[in-house]
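Have a look at the structure below, then the notes.
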Amino acid sequence: DGGITQSPKYLFRKEGQNVTLSCEQNLNHDAMYWYRQDPGQGLRLIYYSQIVNDFQKGDIAEGYSVSREKKESFPLTVTSAQKNPTAFYLCASSHRGQGQINQPQHFGDGTRLSIL
Amino acid sequence: QQPVQSPQAVILREGEDAVINCSSSKALYSVHWYRQKHGEAPVFLMILLKGGEQKGHDKISASFNEKKQQSSLYLTASQLSYSGTYFCGTLVGSGGSNYKLTFGKGTLLTVNP
């Protein structure tokens, strides 16, 4: 079955440490996204990529970095510069067509990141 | 800018109806609706495009008022399985093909027996 796989499900970060969250999809989607979810805040866009080797900052990109070397993969690194990384992180993907106007996003099951 | 959803929370008894609203201050190309159950991934419900069309999905339907930049989600004869947080996402363009989806803060819907 096609889908989006995020790993790990739970992740703990020490102070000053960078951690990388994995997101892999086998839906043959061009576009991929990373969202951060905090209680009562909805989903906030961190980074998105519409095509391999290209990505754009979302609304809250500071303290995060991404790469898009393969169509199937869009890893997110939470750097030590992100002072409040505790949150639920969701990865999504969609077809690219027509600027995503009518393309639904499919979400992974998320990674819950906490500070030790 | 995040779209504004109202109400923030609603509690229903099984079989009752509910309306969830989503408003934006920017011109919209489309509105997406998703439902998320606690601890799970959001699940796509429907997309509303410009033109004021109304779409339906079982007993859940939605409308898009382009002039008011507003969308409403209608849940009729609610079932226990409708419980969850409903998010609207509004698509705004910034030129070329560079669009991004901005989600509201969500509406928590609880359906009790």
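Read-outs throughout are calculated quantities, based only on the coordinates presented, and are distinct from any laboratory measurement. All figures in this text were calculated on a predicted structure; none of them were measured in a lab. Cβ: placed from backbone, ideal geometry, glycine included. Neighbour counts: every protein chain shown.
A few points about this structure:
- Distance between the 7 Å Cα→Cβ label points at residue A:52 and residue A:14: 3.7 nm.
- Computed label-point distance, nm, for sites residue B:67 and residue A:38 using a 7 Å Cα→Cβ extension: 3.9 nm
- Chain B: relative contact order in percent, alpha carbon pairs under 8 Å with at least 6 residues between: 36 percent
- Net charge of the neighbourhood of residue A:45, taken over other residues with C-beta under 12 Å away and scored Lys/Arg +1, Asp/Glu -1, is +3.
- Each residue of the stretch A:12-21 is assigned a 3J(HN,Hα), and the resulting list reads 10, 10, 8, 4, x, 9, 8, 10, 10, 9 Hz, derived from the Karplus form 6.51 cos²θ - 1.76 cosθ + 1.60 (θ = phi - 60°), x at Gly and Pro.
- Along chain A, the exposed loop sites are trypsin sites (Lys or Arg not before Pro) outside DSSP states H, G, I, E and B with at most 12 other Cβ atoms within 10 Å, and the longest stretch free of them is A:15-82.
- A simple spin-label model places the labels of residue A:60 and residue B:92 1.7 nm from each other, with each point 7 Å out along Cα-to-Cβ.
- Net charge of Cβ neighbours under 9 Å - reference residue A:59; Lys, Arg +1; Asp, Glu -1: +3
- When only Cα pairs below 8 angstrom with a gap of at least 6 residues are kept, chain A shows a relative contact order of 34 percent.
- Percent RCO, i.e. relative contact order, over the stretch A:21-78, from Cα pairs under 8 Å lying at least 6 residues apart: 36 percent
- Applying 0.36 nm per residue to the separation of residue B:16 and residue B:37 and subtracting their alpha-carbon distance, the gain on full extension is 5.6 nm.
- Between amide H atoms placed 1.01 Å from N, distances below 5 Å from residue A:68 occur with A:53, all of them 5 or more places distant or on a separate chain.
- Positive end of the dipole of chain A (Cβ unit charges, origin at the Cα centre): among A:80, A:37, A:108, the Cα lying farthest that way belongs to A:80.
- Taking a Cβ cut-off of under 13 Å around residue B:21, the surrounding Lys, Arg, Asp and Glu residues balance to a net charge of +2, with basic ones at +1 and acidic ones at -1.
- Computed E for residue B:76/residue A:27 - FRET, C-beta separation, R0 25 angstrom, nearest 0.05: 0.20
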